[in-house]
1. Tell me which residues, restricted to the range 55-68, are exposed (fewer than 12 other Cβ atoms within 10 Å of the Cβ), out of contact with any Leu (no Cβ under 8 Å at 6 or more places or on another chain) and not in a helix (DSSP H, G or I).
2. Restricting to the range 4-54, what's the tally of residues that are touching a Leu at 6+ places or on another chain (Cβ under 9 Å) and among the charged types (D, E, K, R)?
3. For the range 34-58, enumerate the residues that are within 15 Å of the chain's Cα centre (by Cα) and of a type outside the set (Lys, Arg).
4. Please name all residue pairs, on different chains or six or more residues apart, with Cβ atoms under 9 Å, provided the first residue is in the range 62-75 and is more than 17 Å from ASP48 (Cβ to Cβ) and the second residue is part of a helix (DSSP H, G or I).
5. Looking at the range 19-57, which of its residues are farther than 16 Å from LYS81 by Cα, of a type in the set (A, V, I, L, M, F, W, C) and modelled with pLDDT under 90?
6. So which of LEU25, LEU41 is of a type outside the set (Val, Ile, Thr), touching a residue at least 12 places away in the same chain (Cβ under 8 Å), touching a Gly at 6+ places or on another chain (Cβ under 6 Å) and not in a helix (DSSP H, G or I)?
7. Does the range 69-77 include one or more residues that are in a helix (DSSP H, G or I), of a type outside the set (Gly, Ala, Ser) and under 30 Å from GLY95 (Cα atoms)?
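The values are calculated or read from the model by the stated rules, or taken from the named source; none is laboratory data. The structure presented is a predicted model; accordingly, all values stated were derived computationally and were not measured. Note: ideal-geometry Cβ built from the backbone for every residue, glycine included; neighbour counts use all protein chains shown.
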Amino acid sequence: MKNIGQLMKQAQEMQAKMAEVQAQLETVEINGAAGGGMVRLTLNGKGDLKKIKIDKSLLVAEEGEVLEDLIVAAFGDARGKVSAHAEQEMQKLTGGLQLPGGMKLPF
């Protein structure tokens, strides 16, 4: 029974640390860009879009499709960086413990 109690305590500590990391991720800002920086996005560490900057030269009707594609590309760039950052933070928390395939942490 003593081992079960220790295991439960460790699980609670891990859960508290995970909540702390998630709160910290909300304050992190990560940038993504496309089109040589003509479209730039800022996401928080949870993947929520916070800012977008668009070069004025793209704000013409003839460039509509290009602008749409660049926004999607910039979002993909930023989202990849967010995922890498979140994974890195969780590895710090878990001491590099690898989760089984298909298991995702609550982000």
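1. Scanning the range 55-68 gives a single hit, VAL60.
2. The qualifying residues number 7.
3. First, pick out the residues of the range 34-58 that are within 15 Å of the chain's Cα centre (by Cα): 41-51.
Hits for the range 34-58 are LEU41, THR42, LEU43, ASN44, GLY45, GLY47, ASP48, LEU49.
4. Every condition considered, the pairs that remain are GLU63/SER57; GLY64/LEU58; VAL66/LEU58; LEU67/LEU58; LEU70/LEU58.
5. Matches in the range 19-57: ALA19, VAL21, ALA23.
6. LEU41
7. As a first pass, look at the range 69-77 and keep what is in a helix (DSSP H, G or I): 69-77.
Of the ones still in play, those that are also of a type outside the set (Gly, Ala, Ser) are 69-72, 75, 77.
Now drop any that are not under 30 Å from GLY95 (Cα atoms), which leaves 75, 77.
The answer is yes; a qualifying residue exists.
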